[in-house]
Every structure is written in structure tokens, then in C-alpha cells.
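Q: Got a structure for you, questions after.
The values are calculated or read from the model by the stated rules, or taken from the named source; none is laboratory data. Remember, it's a predicted structure, so these values are computed and weren't measured experimentally. Virtual Cβ from ideal backbone geometry, glycine too; neighbours counted across all protein chains shown.
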Amino acid sequence: MTTLADRIAPYADQFRRDGFVMVPDLLGADELERYGSAVDEAVARRKRFDNRKLGEKTPYEQSFIQCINLWEDAPAVRPLTFHPVVCETAARLLGVEATRLWHDQALYKEAGGRLTDPHQDQPYWPMVETDTITAWIPFDGSSFATGCMGYVPGSHAAGLSVFVNIFRSEDALEILKMPEIKDTPPVWVEVPRGGVAFHHGLTVHMAKPNTGSRTRRVHTMIFFRDGSTRKNNFPHDSVERYHIKIGAAINSPVTPIAWPRAAGDLPEPPDAPISDIFAKAVELGSFPDKTKRSDL
């Protein structure tokens with residue numbers, strides 16, 4: 001009998017080489033319908049007070065609607081964030097024995113939404129170790145027209161770790177001019193429905209604009225190796241809420257074990273409030289409002 005580990009082994013080789021891979025048929029049609037509806041409802045609830053048109057938003061917000069840590073305040077989303085097949089696949093691609101969730105997030109690129117600027121994820125995270133991976137789940141699949149992802153192959157192993165201020169889109173393209181990758185064009189990856197794209201935290205990646213007529217609906221989960229430690233005082237909600245000290249293991253209810261977990265075992269959402277540093281993001285619906293316990 002073929003195990004998931006056996007099935008993932010060839011993809012793991014590609015992931016180690018390129019820093020990204022697309023694994024088909026990880027989610028069934030019924031799951032995509034159920035979880036897609038759950039994320040739709042959670043995003044609509046989080047953004048219910050934001051009535052701005054696309055053109056009224058900042059360039060960053062025109063790239064996608066972002067709702068972080070939906071697993072905390074949307075119980076119907078929690079089984080997707082901790083989906084055993086996706087979580088195990090991520091751990092096996094990364095080649096580690098156990099992973100924790102850094103955070104999940106919906107990234108909904110509206111019709112007419114602009115490109116997502118090229119960047120690496122890891123420099124945004126105050127984490128010493130770089131055993132990190134993102135699972136990118138498009139509920140309807142992704143295409144060139146709807147905003148599929150592009151990855152610079154091998155960039156995760158190029159010794160490159162650059163903080164790109166993607167809140168200033170005019171600065172973002174500079175990373176593609178870095179000597180380590182300037183001669184390596186991105187590879188654009190369309191994902192069939194049911195497939196999941198994975199990329200390393202140091203892989204330079206981007207996404208095309210959505211020229212279609214419907215929102216590109218994507219849910220992502222970021223995982224890191226259990227035992228990873230806090231790097232510096234760069235603020236991030238995944239370490240601020242339980243006051244993880246520099247050099248200490250990143251281990252709290254905000255970052256629970258993602259794999260391995262017993263079947264059906266889902267973590268309880270954390271009680272600690274969102275740091276005041278992110279008050280504006282809470283107001284905009286990007287983070288859960290922990291003062292509204294009825295959301296849980």
C-alpha cells in the first residue's frame with residue numbers, strides 16, 4: 001500500500017532543489033466546497049465594516065484581502081488549517097519530524113487586483129532557523145489570468161535574505177536585481193483544483209494580477225520546524241502575544257503543533273490578546289478581534 005510519505009518523496013526532491021513544488025490532488029471536491037465556503041464566510045465577517053472600493057485601497061491592499069489567524073475565530077476553518085494530509089505533506093517536503101503553525105491567512109485577490117510584489121517571506125519573521133514552508137491552497141485552482149504564483153527557482157538556497165518593503169511597491173522589484181538571482185527568471189505555476197502549491201520561506205515569489213471576473217480565493221498556512229527560536233525584537237504577532245524571548249523556543253498556543261497530530265485533534269485557540277502593536281490591523285479585520293468572544 002502506498003503511503004503519503006511514498007507519494008511525496010519525488011516532490012520532496014524537487015522542493016529541495018527549487019524551493020517550491022505543486023502537489024496535485026491533495027484535497028477533494030467536497031472539501032474544497034466546504035472549506036471554501038467557511039473561509040468565504042470568515043473573510044466576509046472580518047471585513048464587514050470595510051466598504052472601500054478596490055481603487056480606494058493602498059497598493060498593498062489592492063494585491064489581496066488579507067485575513068490572518070482565521071483558525072482562531074472561525075471554527076469551520078480550523079480543520080483546513082490543520083488538515084492532516086496538507087500538514088504532513090508540508091513536513092515531509094521540509095524534511096522535519098514535527099512542525100508548528102506560524103499562522104494561517106486568507107489571501108483573496110479581487111477581480112482587477114494588482115500583482116503581488118516579489119519578496120521572500122522569511123525576513124518578515126523573527127526566527128533564527130529557516131526550516132519554513134507555506135502551503136498555498138486556491139479553492140478554484142489558479143491560472144495566469146486569475147493571479148497564479150511565480151517562484152524564482154533555487155532562490156531559497158542562494159544565500160539571499162532581503163527584507164522587501166512590499167508596502168512600498170516601488171521598492172519591491174529591486175530584489176529581482178540581486179546578483180544571486182538576476183539571471184534566473186521566475187517560473188509561473190498554475191494550480192489545478194485540488195492541488196496545493198508549497199514554497200520555502202526563503203524562496204523569492206510573486207503573483208500575477210487578477211484579470212478575471214471573480215475573486216481568486218486562496219487560503220494559506222505557514223509552518224516551521226518545531227524547536228525554532230526567536231531571532232530579534234522585530235514585532236510579529238506569532239511571538240508577541242505570549243512574550244517569546246530572544247533565543248527562546250517559539251512554542252505557545254498561538255503556534256501549536258501542526259504535525260504530527262492525532263486524527264481529529266484540533267488545537268484550542270489562544271486566549272492571549274492581540275498585541276496593541278497590531279491594533280490597526282485588528283480594526284481592519286486582518287487579525288481576529290479577541291475582545292469579541294462571540295466570534296469564537
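Q: Kindly establish whether ALA263 is under 20 Å from the mean Cα position of the chain (by Cα), surrounded by fewer than 17 Cβ atoms within 10 Å (Cβ to Cβ) and within 22 Å of VAL39 (Cα to Cα).
A: Judged against the criteria, ALA263 is not a match.
Q: I've got another one for you. Please go through the range 123-172 and pick out each residue that is in contact with a strand residue (DSSP E or B) (Cβ under 6 Å, 6 or more places away or on another chain), farther than 23 Å from CYS87 by Cα and among the β-branched types (Val, Ile, Thr).
A: Hits for the range 123-172 are THR146, VAL164, ILE166.
Q: List the strands (runs of 3 or more DSSP E) inside the range 104-207, counting only whole elements, that have at least 2 residues being touching a Pro at 6+ places or on another chain (Cβ under 9 Å) and of a type in the set (Val, Ile, Thr).
A: none
Q: If you scan the range 231-280, which residues turn out to be assigned to a helix (DSSP H, G or I), in contact (Cβ under 8 Å) with a residue 24 or more places away in the chain and of a type outside the set (S, T, N, Q)?
A: Passing the criteria: ASP237, VAL239, GLU240, ILE277, PHE278.
Q: Further, regarding this structure: Failed condition for THR2, given (1) polar (S, T, N, Q); (2) in contact (Cβ under 8 Å) with a residue 12 or more places away in the chain; (3) surrounded by fewer than 16 Cβ atoms within 10 Å (Cβ to Cβ), with all others met?
A: Unmet condition: (2).
Q: Separate question: If you go through the range 174-199, how many residues are of a type in the set (A, V, I, L, M) and loosely packed, with under 14 Cβ neighbours inside 10 Å?
A: 1
Q: Tell me the residue from ARG45, ARG34, ARG7, ARG17 that is over 19 Å from the mean Cα position of the chain (by Cα), under 19 Å from PRO138 (Cβ atoms) and either part of a helix (DSSP H, G or I) or modelled with pLDDT of 95 or more (or both), please.
A: Checking each option against the conditions leaves just ARG34.
Q: Another one. Determine the pairs where a residue that is within 19 Å of LYS177 (Cβ to Cβ), located within the range 144-166, has a partner that is of a type in the set (Phe, Trp, Tyr) and surrounded by fewer than 19 Cβ atoms within 10 Å (Cβ to Cβ) with Cβ atoms under 7 Å apart, the partner being 6 or more residues away or on another chain.
A: GLY150/TRP188; ILE166/TYR60
Q: Could you list all residues from the range 119-138 that are within 14 Å of the chain's Cα centre (by Cα) and either buried (at least 18 other Cβ atoms within 10 Å of the Cβ) or more than 30 Å from LYS231 (Cα to Cα) (or both)?
A: Residues satisfying the conditions are HIS119, GLN120, ASP121, GLN122, TRP125, THR132, ILE133, THR134, ALA135, TRP136, ILE137, PRO138.
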